[in-house]
Each structure stands twice: as structure tokens, then as C-alpha cells.
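Participant: First, the structure itself, so that you have it in front of you.
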Amino acid sequence: MEELYSFTENLTDWQERLLLKGIHKFDRQDLQELKKLQELATEYDMSFLASLIEDLQVEGNRYLQEVKADAELLTQQYLYVVQYVNMMKKPMTRSL
Amino acid sequence: MADFTSEFQRFIALCNEEYLIKYANKGIYNRSIKEMEKGMTISYEFGDDYVECALSDDSVCRLHADINRFSCSCPSDKICKHVIISIVYYAQNHLQAGAETAEELATYKPDFSWLLQLQPTHISKAFTPAQLEEVLFRLDYLEEMEIVETSFLTMTLRTQDISVSFDSESEIGKSMCTCKAKGNCLHKLEVILRYRAMHQLQDREQLQASVTDVSYETDVVAEAKSLIAEILGIGLAKLSQTICTRLELLAIAAHNGNLPRVEKDIRGIHGELNLFFQRHVKFSTEALLDRLSRVYLSLIAIEKIDHTEAKKQLLGSFKSKYHMVPQLSLYALGANPWETRSGYKGITYYFYSLSDQRIYTYTEARPVYYEGISFSFKDSYKGKVPWGELISMEELSHSQVILTQAKTNREQRLSSSEDTRLTIVPRDNIEELDLGKVLVGDWSSDWKDTAGDMFETALDSVFILKANKFNQVEFDQKTQQLLLTIEDEQCHSRQLSISYQGEFARNIRHLEQNKRLLELRDVYLLVQKIGDGLYPISIMQGKSLTSFKLDL
């Protein structure tokens, strides 16, 4: 239970860091972090979350490689993960 | 002309006592019969599509094969005794002459199947969108409907004491309602839809679609999306404060573009960002991120979705509409005083509706941010109820009542409408009520929030807990809260808290010092859930009820 909690915390921390620095500054380090998070999600049997993170990696990769790539799909995928994690947390904490 | 004669005779055969009383009234009908008994005679002369009736009292009237078309030499512009006399006299003295027709008529049975064959589009054309919306809301509430088939199909809405009669001619406009309103009234629509629903015809979706305005400004949605993407793209660290002005402008555009929910959300983002720029302690990245993602995803959903009802939910509405429902049987669950940081003060009264097993609320509140406006909990609590002024709000919060013609909205809030009538009934024991989902039985797991849907607005989460006993009552100096620990039959315990407020200091002290709570067994508690905290509103046992902040 505690491991799962720290995993969600790590994921939230990464999300909040990206909110601060901006999606346009998405970089290789983010990709590496995402890879780790995806592995952990698979390990904890959260296959849907893992697939969401994987899609986010794919978009991130595309964004880094293509010169003219816009961040729209990356943003959308990022927000899917954010909202999914929030829904996971909701039974525990909820802001009115 | 022969055709008209038989048509006329068929019409006369239809005009039995019930039919004529319905179109005229009992008084005119009885007067007409009396006049005839005095020995009145009438001669009839057939025209192309009319009959001229010369009465022995010198009045002349002209009839057609239709009850709504007539003229008379008397000054009345409504159906008069002369018309009734002409019809009844003909039926008594001339109808038997055409034996064939009489036989045919004896077997004639009116056909009301047209009511079932009506297309939803016809129904929506005959009524206004406001009527459709009101009745579609009302259909969710149970109403006893009596159906009688004679020459008419008469349907009576029991609780509203309203009858609507349809004849076999397929026109909604020709039906008659006891409310006497001109044109097509709400009751006509209500009985038609209830009748059709009884015959397994479901019109809701089509009718709902016809009244729902789901048009919106697509540009605003695209703009809102790109602005959120811009905020996320640049990142908070480098975000310029000019974004606040742009958000405000966008909120205005959303308001004008029929996007109420987007407007509210954009203002919400604006508020969060303001806190960020002010370095305010209340700012939370988590809350901002949650809001940004929810809004962005709902904008994508608005663009993609086709289903009208879902689209309406996503677009939201500017103001929650109140609709009249026939009857509500309400069991009072207590009252809760509150004050918000934005400067509102009020008391919310909670009721359990016995028929639909949901919690209804009535709130009396005032903005107190203007000078000279004050709100006293005590005065408001002792004040009269808005529905008929029979009892005080305090008494209402301890009783069981029936509200007729109550107005409520989709969040089960009751309106103070003057049309609503209140009847007090003996209060049941809470132990004997079927509390449905309002009673949370399983304490072991976490409660699920009522608004599970991501785009749904979070409602006040209020429910009832049955406690076996109170384990502990103590005041926590650190958090300034009175903590009540309760236990259920399976020995699961939960902590409830009442925050300290100067105005209720006496009540809190009373609860803390008086050990009676610890002696109570098997009580029901009305509890409000805010975030992770559980806040008790009232305590109930048998017929008695005590609201923690108002009754002690």
C-alpha cells in the first residue's frame, strides 16, 4: 500500500514539475522518468495507467524528434494521465 | 345533403348528457331540459352543411355537425341553452326516424388510438418548450392517474385534482382541461405523456432533444483549448500576468457563446492563477492541474459528443430551473446553519422524500457583505415557513409534511414558491422508514462520492449513519473541533467533528460537558461530508430530532 502511495506521489510530482517548467520544455529526462513510471505501473498491475503513460511517451518522443511537431497531442495525453491519477486519488482526498 | 344529414345524425348520437355537460356545464344542461319539459317545440331545416333550428320561443340557432361550430340569435357568445335544447330535442324526436343510423350508432365506439399514434414532433409543436421542459421533469415523479373511457377519454391526475378529456377527433387543441386555461395547458401534455408511457411509448429522448438548445460558439471552445494549452506549454514559472486579462475576456466570450460551464471553469482557472501570482498560501498546484485537465478534457468532449443530453450536461446551464412537481412527502432531517467566506449566511433544512428516497433541501440565505444587511440564525429559525405560514421553520425541521405543488430543481432544492401548500402529517419513527441509499450501512470501506462523474458538479454530500453508541466526546484544542467518535453494530468506528464557531460556543460546550450523548444507544445521525471530514448536522431517534447547532 505504501509503495503504491509513493508511486502515485512520484507520478504527481513529475506532473507538477512539468506544469511549472511548461510542456514546451519536455525533454529526454522526462522520457526516462516516464519509462520508469510505466514499468512501475505494470509492476503494480495497473495496465490501463501503464498504457496511458506509454502513449504519453510515444507522443513525447514524437515531439522531441520532429522539428515542427506541435504540442497538442502531447498536451492531451499528459492531461489524460493527470485526470486518471486524480480519479484514482479521489476516494482518498477530495477538494470541494 | 343526404351525406350531411347522416353526418349530423352521427354527431347528435354522440351528444349524450356527459358530452354536453362537458362542453357547456351542468347548469345550462339542466336548465335546457327544464325548458323542454315545459313543452318547447323546434322545427329543423337542413342546409348544405348546417341545420337551422327555429325554437318556439322565437330564438333561432344554426348547428353544424361539430359541437364547436354554432350560432344563435341570443346574445351569448358561448354555448347557450338554445343550442343544447336543439341538440337534445333532435336526439329525442328525430333520431329514431333513421333506424339504420341509430343501429349503426349503437355499435359506434369512440376510438382514442390517435393519442398513441401521435408523433413526438406533433406533441412538441403543440406545446411550448417551457411546458415540455416542465412536464418532462414532472414525469419522474409518481402521479396516480385514473383513466375512464366513455364518449371521452378522461384522465384524472389524482394529486393535482385535474381532469383532461379527449374526444375521438385527433386534435390536442380540442381536448378539455378542468383548469380552464386557454390553449394547450401543462396538464394536457402531462396526461398525454403519462398515457403514452403507460402504453410503453417513450417520447422523452425525442422531446428532450427538441427543447434542448445545445448550440454554442465553436470558436470559443477552440480558443479556450488553445489558451489552456498555452498555459501548460509555457509553464507556470514563466507565465506572464497578462494571462489573467485574457482569461477574463475568454470568460465573457464563453458567456455570450452559450457556454455556462466553460465560463465558470475559465473563471475558476483565473482564480487559481491569481492565487499563484499573489503567492497565496491557498494556492495548490494539484488543484490547478486538476482544474486545467478537467476543463481541457471537457472541451474535447464537447467537440466530439453528439448525444444531446450529454452535450447539455457538458455545456451546463446558467441558472438552475425550478419545476413544479405534484406532491412531495417529506420527513424532516434537521437544519444546518452556515456562513461562507464570500459573505453569505444561511440555514439549510434537510428532508428525506419518502416516495423517491432522495434528500431535498430548503435554504434560506442572505448576502451579508453589504452594510446594513444582517442575518440572524435565531430569527430565521423562528420565522414562518414560506408555504402557507402555518408553522415556524424550527417546527418544520422537526416534523413530517406533505407539500403539494412544490417547486424543485434537478439538485432537489425546494423553492419558496407561494403556490406550494403544506400539510402536516404525524411524524413516523425514523426506525420504521425505508431510508434507501441515504442510509450508509457499510462503514468499513470508504464512502463513494455521489458525483462519480468527472464532469459532474460536486453536490453537497449528505447522508444518514446509524450509530450504536458514542464512544467518546472531546474537544480538541489544537484543531478547535469537537470530536465525536461513534460506533456501529459491527464495532466499526468513525470520527465526526463540529468546528468551533463563536456563535455556537454554548452548544459545543453543552455537548462536551453533558455526558448524555455517551448514554444514547441506536441513534441516527445526519452527516455532511466535506473533503475527508464528516460533520454531523442532527441526531434522531424515534420521532425526536435535535439539530446540533440550533436546538441545544
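Participant: Quickly run through segment B:529-552 and pick out the residues that are part of a loop (DSSP other than H, G, I, E, B) and within 14 Å of another protein chain (Cβ to nearest Cβ). First the steps, then the outcome.
Facilitator: Looking only at segment B:529-552, we keep the residues that are part of a loop (DSSP other than H, G, I, E, B), and these are B:531-532, B:542-543, B:548-552.
Within segment B:529-552, B:Gly531, B:Asp532 meet the criteria.
Participant: Could you give every pair whose Cβ atoms fall below 6 Å, whose first residue belongs to segment B:292-309 and is in the same structural domain as B:Glu272 (by TED's automatic domain parsing), and whose second residue is surrounded by fewer than 22 Cβ atoms within 10 Å (Cβ to Cβ) and outside any helix (DSSP H, G or I), counting only separations of at least 6 or pairs across chains?
Facilitator: Note: pairs meeting the criteria are B:Ser298/B:Phe455; B:Thr308/B:Thr212; B:Thr308/B:Val214.
Participant: Please state which of the following conditions B:Ser353 fails to meet, knowing it meets all the rest: (1) modelled with pLDDT under 90; (2) surrounded by 15 or more Cβ atoms within 10 Å (Cβ to Cβ); (3) under 26 Å from B:Asp140 (Cα atoms).
Facilitator: Result: B:Ser353 fails condition (1) only.
Participant: Do we find that B:Ala224 is on the phi < 0 side of the Ramachandran plot, surrounded by 15 or more Cβ atoms within 10 Å (Cβ to Cβ) and under 28 Å from the mean Cα position of the chain (by Cα) in this structure? Working first, answer last.
Facilitator: Values: on the phi < 0 side of the Ramachandran plot: yes; surrounded by 15 or more Cβ atoms within 10 Å (Cβ to Cβ): yes; under 28 Å from the mean Cα position of the chain (by Cα): no.
Judged against the criteria, B:Ala224 is not a match.
Participant: Can you find a residue that is touching a residue at least 40 places away in the same chain (Cβ under 8 Å) and surrounded by fewer than 12 Cβ atoms within 10 Å (Cβ to Cβ) anywhere in segment B:51-60? Don't jump to the end; show me each part of the working.
Facilitator: Narrowing segment B:51-60 to residues touching a residue at least 40 places away in the same chain (Cβ under 8 Å): B:51.
From what's left, surrounded by fewer than 12 Cβ atoms within 10 Å (Cβ to Cβ): none.
Taking every residue of segment B:51-60 in turn, none turns out to be touching a residue at least 40 places away in the same chain (Cβ under 8 Å) and surrounded by fewer than 12 Cβ atoms within 10 Å (Cβ to Cβ).
Participant: I've got another one for you. Looking only at segment B:231-264, which residues are within 14 Å of chain A (Cβ to nearest Cβ) and in a helix (DSSP H, G or I)? Before you say what the answer is, go through the steps one by one.
Facilitator: Taking segment B:231-264 and keeping what is within 14 Å of chain A (Cβ to nearest Cβ), we get B:231-240, B:243.
B:Ile231, B:Leu232, B:Gly233, B:Ile234, B:Leu236, B:Ala237, B:Lys238, B:Ile243, listed by residue number.
Participant: Among the candidates B:Met155, B:Met198, which residue alone is crowded, with 18+ Cβ neighbours inside 10 Å and over 18 Å from the mean Cα position of the chain (by Cα)? Lay out the reasoning, then the answer.
Facilitator: Working: B:Met198 fails: crowded, with 18+ Cβ neighbours inside 10 Å.
None of the others qualify; the one that does is B:Met155.
Participant: In this structure, does B:Arg506 turn out to be basic (Lys, Arg) and either in a helix (DSSP H, G or I) or without any contact (Cβ under 8 Å) to a residue 40 or more places away in the chain (or both)?
Facilitator: Against the criterion (basic (Lys, Arg) and either in a helix (DSSP H, G or I) or without any contact (Cβ under 8 Å) to a residue 40 or more places away in the chain (or both)), B:Arg506 qualifies.
Participant: Can you tell me which condition B:Ile530 does not meet? The list is (1) in contact with a His (Cβ under 6 Å, 6 or more places away or on another chain); (2) surrounded by fewer than 19 Cβ atoms within 10 Å (Cβ to Cβ), and all the others hold.
Facilitator: Going through the list (1) in contact with a His (Cβ under 6 Å, 6 or more places away or on another chain); (2) surrounded by fewer than 19 Cβ atoms within 10 Å (Cβ to Cβ), B:Ile530 breaks only (1).
Participant: Moving on to the next point. I'd like to verify a number: residues in segment B:240-254 that are under 24 Å from B:Ala301 (Cβ atoms) and either free of Cβ contacts under 8 Å to residues at least 12 places away in the same chain or not assigned by TED's automatic domain parsing to the domain that holds B:Ser298 (or both), how many?
Facilitator: Number satisfying all stated conditions: 2.
Participant: Also: Using beta carbons and a limit of 6 Å, which pairs, at least six apart or on different chains, have the first residue in segment B:220-239 and in contact (Cβ under 8 Å) with a residue 60 or more places away in the chain and the second one among the aromatic types (Phe, Trp, Tyr)?
Facilitator: Here the result reads B:Ile228/B:Tyr296, each pair linking segment B:220-239 to a residue that is among the aromatic types (Phe, Trp, Tyr).
Participant: Can you find, within segment A:80-89, the residue that is modelled with the highest pLDDT among those that are more than 18 Å from B:Leu232 (Cα to Cα) and more than 7 Å from chain B (Cβ to nearest Cβ)? So that I can check it myself, show each step before the final result.
Facilitator: The first filter runs over segment A:80-89 and keeps only residues more than 18 Å from B:Leu232 (Cα to Cα), leaving A:87-89.
Among the residues that remain, those that are also more than 7 Å from chain B (Cβ to nearest Cβ) are: A:88-89.
Values: A:Met88: 81, A:Lys89: 76.
Step by step, filter segment A:80-89, then rank; the result is A:Met88.
Participant: Then there's this: Which one is nearest to the other protein chains (Cβ to nearest Cβ) among residues in segment A:39-52 that are within 23 Å of B:Leu292 (Cβ to Cβ) and touching a residue at least 12 places away in the same chain (Cβ under 8 Å)?
Facilitator: A:Leu52
Participant: For segment B:1-97, give me every one of the helices (runs of 4 or more DSSP H) that falls completely inside it and has 2 or more residues that are closer than 30 Å to B:Phe166 by Cβ and modelled with pLDDT of 85 or more.
Facilitator: Working: elements: B:2-14, B:17-23, B:26-37, B:81-93.
In segment B:1-97, the matching helices (runs of 4 or more DSSP H) lie at B:26-37, B:81-93.
Listed here are the residues, each with its yes/no results for (1) of a type in the set (Asp, Glu); (2) within 23 Å of B:Glu286 (Cβ to Cβ); (3) not in a loop (DSSP other than H, G, I, E, B).
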| residue | (1), (2), (3) |
| --- | --- |
| A:Gln32 | no, no, yes |
| A:Lys35 | no, no, yes |
| A:Glu39 | yes, no, yes |
| A:Asp55 | yes, yes, yes |
| A:Leu64 | no, no, yes |
| A:Gln76 | no, yes, yes |
| A:Gln83 | no, yes, yes |
| A:Met87 | no, yes, yes |
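Participant: Within the group A:Ser6, A:Ser51, which residue is in a helix (DSSP H, G or I), out of contact with any helix residue (DSSP H, G or I) (no Cβ under 6 Å at 6 or more places or on another chain), of a type outside the set (Lys, Arg) and modelled with pLDDT under 90?
Facilitator: A:Ser6
Participant: B:Trp387 passes all but one of (1) on the phi > 0 side of the Ramachandran plot; (2) part of a loop (DSSP other than H, G, I, E, B); (3) under 19 Å from the mean Cα position of the chain (by Cα); which number fails?
Facilitator: Condition (1) is where B:Trp387 drops out.
Participant: Moving to a separate point now. Could you check segment B:505-522 and list, in sequence order, the residues that are buried (at least 16 other Cβ atoms within 10 Å of the Cβ) and either touching a helix residue (DSSP H, G or I) at 6+ places or on another chain (Cβ under 9 Å) or hydroxyl-bearing (Ser, Thr, Tyr) (or both)?
Facilitator: The answer is B:Leu511, B:Leu517.
Participant: Would you be able to tell me the number of residues in segment A:9-37 that are within 22 Å of A:Val67 (Cβ to Cβ) and within 12 Å of another protein chain (Cβ to nearest Cβ)?
Facilitator: Qualifying residue count for the region: 7.
The values are calculated or read from the model by the stated rules, or taken from the named source; none is laboratory data. Note that the structure is predicted; figures quoted are calculated from it, not measured. Reconstructed Cβ throughout: ideal geometry from the backbone, glycine too, with neighbour counts over all protein chains shown.
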